[in-house]
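For reference, the structure discussed in these notes is given below.
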Amino acid sequence: MLNVVVLLLSVCAIFAPLNQGWGASDGAMKLRALNGLSEFTPPEAFLNANFVADEIEPQYVFGKVKDFYKSQSCPAVWLIEDCQRERIKNQQNLSGPFEYTLYLEEDCPGKVVYYVFVDRSQPKAGQWMEWRRVFHRSKAQEEYGAVDASLEQAAGSGFPVDAELRFIEIGGDLILKKPEDFLTGDLKMKPVCDLKGGNAAGK
């Protein structure tokens, strides 16, 4: 009996490193530790939200966040910063529009990609324009009024936006290309709505 137990323990010791290898890569774990990130389950409202991929002048709406998540070719998981997790817990004590940052980690061999999203789907979240008024005050309407109008038009056409892809990082380095250009160019992703026309893309 003792020999059987010893044999089982030996087998477990052999396969333990393999099981660990099935999780996040060493590179992914190092980046998580460096950025204070841990796994997080986003709310359904965020996952079902349409998103844009340009903070200043978005040209397109890119469909639902969950569809983008499912389209990743490598293992992907949602992460959040510890400070953002605390903000969510205390959001009832905050005034004004509420939004927070989420990281979609794509863990590919030799490369870890972060798609950094902003979730504006929470009950107290403000519209796109409201958040800009917080920072730009009276200049907000002048600088962003046209974009706000196009987003309102898109919402009226069935494409409301409650999420934004703000940054993309590869291996911990921020890419210089606009996220919108990266999606349409590098990933060949087709938007669902052209904001210039306020209609489904291609119409």
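Points to keep in mind about this one:
- The ranking of 80, 56, 170 from fewest to most other beta carbons within 10 Å of each one's beta carbon is 56, 170, 80.
- Summed side-chain charge close to residue 53 - residues other than residue 53 whose Cβ falls under 10 Å, Lys, Arg +1, Asp, Glu -1: -3
- Remark: spin-label model distance residue 176-residue 57 equals 2.0 nm, labels positioned 7 Å along the Cα→Cβ axis.
- Difference of contour (0.36 nm per residue) and Cα-Cα distance, residue 89 to residue 187: 31.8 nm
Bear in mind that the values in this text are calculations on the coordinates, not laboratory data. Please read all numbers here as calculations on a predicted model, not as lab measurements. Here Cβ is always computed from backbone atoms with ideal geometry, including for glycine, and neighbour counts include all displayed protein chains.
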